[in-house]
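K.L.:
Provided herewith is a single structure, encoded as C-alpha cells, for subsequent inquiry.
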Amino acid sequence: RIGTLETQDVRDIQDEIATNYLGVINVIKAGVPYLKKQKGGILLFTSSSYTRGRALYSIYSSTKAAIVNLMQGVAEELLEDGVRINAMSPERTATPMRLENFGREPAGMLLSPKSVAKISLQTLVSDFTGQVVDVKK
C-alpha cells in the first residue's frame, strides 16, 4: 500500500513488513538445513527501491533495503557451508502485480518476466554469493 508513513495504518505496515521481510527470513530459515546438505543456493528478490527511500513507499523501500543487508550477512554466515545466497533487483517488469498497481505502461519500457526468470536461473547456478544482481532493460 502506498501512502505517507503518517497516514498508513499500523496494521498495514506490520503486514507489509511481515510479507516483504519476515517472509524472506522464514524461507531462508526453512531452507538452510537442506541447502547445506546439497551445497545449494537461494535467490531473494529486492527492488531498485532498496537503493533509496521514496516518498509514499517508505515501508516498501526500507524492507527491500533490509533484504539486501540480510542477504549479505547470511551469505557470510553460510560461506563455510558452501551455500550461496544472492538477491535479484530487476527494473520495472511487466507482471500482473505491476499492472494492478501502476496501470498500463508502454510495453517497451518494461522488462519481460521471461528475461528476469532466465537471469534468475543463471544466478541460482552461479558460483557467486552475497551479491545483488541488477537486471536492466
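K.L.:
Considering the range 95-136 alone, what residues qualify as being small (Gly, Ala, Ser) and surrounded by fewer than 16 Cβ atoms within 10 Å (Cβ to Cβ)? Can you show your working first?
P.N.:
Initial filter on the range 95-136 (small (Gly, Ala, Ser)): 103, 107-108, 112, 115, 117, 120, 126, 130.
Within the range 95-136, Gly103, Ala107, Gly108, Ser112, Ser115, Ala117, Ser126 qualify.
K.L.:
Give me the pairs, please: first residue somewhere in the range 2-19 and at pLDDT 95 or above, second residue anywhere and open to solvent by 80 Å² or more (accessible area, probe 1.4 Å) and of a type outside the set (A, V, I, L, M), beta-carbon distance under 6 Å, and either six or more positions apart or on two chains.
P.N.:
Between residues of the range 2-19 that are at pLDDT 95 or above and residues that are open to solvent by 80 Å² or more (accessible area, probe 1.4 Å) and of a type outside the set (A, V, I, L, M), the close pairs are Asp12/Arg1.
K.L.:
Now for a separate question. Would you please name the residue that is farthest from the chain's Cα centre (by Cα), looking only at residues in the range 1-48 that are among the basic types (Lys, Arg) and surrounded by 12 or more Cβ atoms within 10 Å (Cβ to Cβ)?
P.N.:
Step one: list which residues in the range 1-48 are among the basic types (Lys, Arg), which gives 1, 11, 29, 36-37, 39.
Filter again for surrounded by 12 or more Cβ atoms within 10 Å (Cβ to Cβ), leaving 1, 36.
Values: Arg1: 17, Lys36: 22 Å.
Among them, the one singled out is Lys36.
K.L.:
Here is a further query. Among the residues of the range 72-94 satisfying the criterion of being within 19 Å of the chain's Cα centre (by Cα) and of a type in the set (Gly, Ala, Ser), which is surrounded by the fewest Cβ atoms within 10 Å (Cβ to Cβ)?
P.N.:
That would be Gly73.
K.L.:
Looking only at the range 51-71, filter to residues that are open to solvent by less than 70 Å² (accessible area, probe 1.4 Å) and without any contact (Cβ under 8 Å) to a residue 40 or more places away in the chain; which one of those is farthest from the chain's Cα centre (by Cα)?
P.N.:
Selected residue: Gly53.
The values are calculated or read from the model by the stated rules, or taken from the named source; none is laboratory data. Since the structure is predicted, the reported quantities are computational estimates derived from the model, not experimental observations. A quick note on method: Cβ atoms are made from the backbone with ideal geometry, for glycine too, and the neighbour counts reach across all protein chains shown. Quick note on the areas: whole protein, heavy atoms, side chains included, nothing else; ligands and nucleic acids left out. Shrake-Rupley method; radii C 1.70, N 1.55, O 1.52, S 1.80 Å.
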